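These notes are about the structure you will find just below.
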Amino acid sequence: MVEVLVTGGAGFIGSNFVRYALGAHPDWRVTTLDKLTYAGRRENLLDVITHPRHAFVHGDIADAAVSGPLVERAELVVHFAAETHVDRSILAAGDFIRTDVEGTFVLLEAARRAARLRRFVQISTDEVYGSVTSGASRETDELKPRNPYAASKAGADRLAYSYWATYSLPVVITRASNNYGPYQFPEKVIPLFVTNAIDDIPVPLYGDGRHTRDWLHVNDHCQAIDLLIEKATDGEVYNIGGGNEVMNVDLTKRILSSLGKPASLVNPVPDRPGHDRRYCLDTSKLRTLGWMPQVPFEGGLRETIDWYRHNEWWWRPVKEADPAFRSYYQAQYERRT
Ligand code: NAD
Ligand code: TYD
């Protein structure tokens with residue numbers, strides 16, 4: 001059995017990856033390590049929590065007593081755990097430094113003692129490149145993060161690289177574009193707008209709405225990580241992008257029309273400070289290894305919207321009954337509206 005440690009496996013991408021990995025690799029035994037912050041939910045793993053090849057550990061990656069022994073016995077580490085929401089990093093950045101930078105440091109130190117380790121996948125992000133004025137970001141481009149989330153991820157990205165360069169740790173760094181799909185916490189734009197629109201609540205579109213993101217279906221992301229575990233070269237960075245560059249205003253229109261809701265639900269609100277105008281990835285390096293995104297954006301978005309329509313059990317308790325979410329929503333949006 002291959003011992004696999006997935007950090008942040010109760011979050012959006014991590015839970016999709018755990019589910020994918022258990023299905024795709026009958027010889028993998030997966031341990032999820034997750035702190036269960038506001039974004040990490042056992043519900044995300046409901047169908048695999050008692051799977052015979054899956055174990056769940058509730059703990060903080062930055063707590064060496066908990067994360068150290070798990071890393072030390074792993075053959076593969078896929079490190080998703082992070083604070084991930086740009087708007088929250090603008091409100092308060094401390095947790096981003098503690099988890100994304102210090103937490104990654106704790107895992108990397110433990111990885112130096114992991115005798116059987118053959119891959120440490122550092123899940124970074126396209127946001128480390130900063131706003132892209134023209135063309136597409138390549139792995140060799142300068143990093144110009146412009147918000148505390150992106151900066152903390154850039155710190156972790158380069159720290160992981162340094163452990164390859166210095167200690168020959170088998171590190172691979174991935175920089176993916178914006179993901180969409182089921183189980184995404186309803187603070188991010190797609191689940192927020194879909195669930196607001198279902199309830200006829202206005203959707204707060206930042207600034208002129210002409211910012212673009214390159215959307216990647218979470219299943220395509222999981223397949224890319226899987227491929228990189230086997231085929232990547234140690235110490236290298238790989239962009240993972242869906243090739244679906246969409247302006248926020250167009251994304252919003254598609255969501256509303258898919259739900260049969262009027263355009264009058266769009267509520268233009270003051271922009272996010274330091275809002276990156278555009279992200280766009282050149283994915284030729286990954287494609288030479290044989291990866292191609294499989295999910296067309298049109299169909300993937302429709303299915304994702306349907307998932308939120310059919311799984312109100314999953315998001316209503318967060319949006320309606322979680323006082324922490326309500327106070328975040330107020331702090332984030334009431335001053336804007
Ligand atoms: P998420 O916020 O949905 O999940 C993060 C998970 O990490 C949660 O389960 C949370 O409980 C856990 N976590 C947070 N702090 C922790 C700690 N100290 N110890 C243990 N667990 C902790 O995030 P996501 O969208 O699934 O993103 C996963 C990773 O992918 C992140 O590293 C993020 O930077 C990266 N990424 C995300 C996107 C995207 O579009 N969502 C794009 C590119 C890269
Ligand atoms: P988000 O999902 O927060 O991801 P990121 O900031 O990591 O790209 O936001 C995606 C885009 O949607 C981004 O350009 C900001 C915009 N946005 C809004 O217009 N309104 C919102 O309420 C949110 C959360 C995001």
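Laid out as a table, the results:
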{"quantity": "Test: residue in the stretch 194-210 that is within 30 Å of R19 (Cα to Cα) and of a type in the set (F, W, Y)", "calculated": "no"}
{"quantity": "Complete set of residues in the stretch 312-328 that are free of Cβ contacts under 8 Å to residues at least 40 places away in the same chain and under 17 Å from A92 (Cα atoms)", "calculated": "R326, S327"}
{"quantity": "Boolean, V266 is among the β-branched types (V, I, T), crowded, with 17+ Cβ neighbours inside 10 Å and closer than 29 Å to R316 by Cβ", "calculated": "yes"}
{"quantity": "Answer from V77, V57, V121, V71 - the residue that is assigned to a helix (DSSP H, G or I) and of a type in the set (V, I, T)", "calculated": "V71"}
{"quantity": "Index of the failed condition, A62 passing every other in (1) under 18 Å from V171 (Cα atoms); (2) surrounded by fewer than 21 Cβ atoms within 10 Å (Cβ to Cβ); (3) within 10 Å of ligand 1 (Cβ to nearest atom); (4) of a type in the set (A, V, I, L, M, F, W, C)", "calculated": "(1)"}
{"quantity": "Considering residues of the stretch 70-94 that are over 30 Å from R116 (Cα atoms) and surrounded by 16 or more Cβ atoms within 10 Å (Cβ to Cβ) only, the residue farthest from ligand 2 (Cβ to nearest atom)", "calculated": "A93"}
{"quantity": "Residues of the stretch 230-252 that turn out to be surrounded by fewer than 19 Cβ atoms within 10 Å (Cβ to Cβ) and away from ligand 2 (no atom under 13 Å from the Cβ), as a count", "calculated": "7"}
{"quantity": "Subset of the stretch 177-219 (residues that are touching an Asp or Glu at 6+ places or on another chain (Cβ under 9 Å), within 16 Å of ligand 1 (Cβ to nearest atom), not in a strand (DSSP E or B) and not aromatic (F, W, Y))", "calculated": "S177, N178, G181, P182, E187, T195, H211"}
{"quantity": "Any hit, the stretch 36-47, residues being closer than 25 Å to V318 by Cα, without any contact (Cβ under 8 Å) to a residue 12 or more places away in the chain, part of a loop (DSSP other than H, G, I, E, B) and assigned by TED's automatic domain parsing to the domain that holds R175", "calculated": "yes"}
{"quantity": "Among the residues listed as I61, I90, I123, the single one being of a type in the set (V, I, T) and within 20 Å of W215 (Cα to Cα)", "calculated": "I123"}
{"quantity": "Among (1) in a loop (DSSP other than H, G, I, E, B); (2) closer than 21 Å to S137 by Cα - the single one T174 does not satisfy", "calculated": "(1)"}
{"quantity": "Residue in the stretch 128-146 that is closer than 30 Å to R73 by Cα and within 16 Å of ligand 2 (Cβ to nearest atom) present", "calculated": "no"}
{"quantity": "When residues of the stretch 162-171 are limited to those that are assigned to a helix (DSSP H, G or I) and out of contact with any helix residue (DSSP H, G or I) (no Cβ under 6 Å at 6 or more places or on another chain), the one surrounded by the most Cβ atoms within 10 Å (Cβ to Cβ)", "calculated": "W164"}
{"quantity": "Test: T31 is more than 9 Å from ligand 1 (Cβ to nearest atom) and surrounded by 19 or more Cβ atoms within 10 Å (Cβ to Cβ)", "calculated": "yes"}
{"quantity": "Conditions (1) of a type outside the set (K, R); (2) under 16 Å from A150 (Cβ atoms); (3) more than 9 Å from ligand 1 (Cβ to nearest atom): number failed by L46", "calculated": "(2)"}
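Conditions (1) farther than 22 Å from R41 by Cα; (2) under 15 Å from the mean Cα position of the chain (by Cα), marked per residue:
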| residue | (1), (2) |
| --- | --- |
| P69 | yes, no |
| V77 | no, no |
| V106 | yes, no |
| S134 | yes, no |
| E139 | yes, no |
| R146 | yes, no |
| D157 | yes, yes |
| A160 | yes, no |
| V172 | yes, no |
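The values are calculated or read from the model by the stated rules, or taken from the named source; none is laboratory data. The model shown is predicted, which means the values in this text are computed figures rather than measured ones. Cβ: placed from backbone, ideal geometry, glycine included. Neighbour counts: every protein chain shown.
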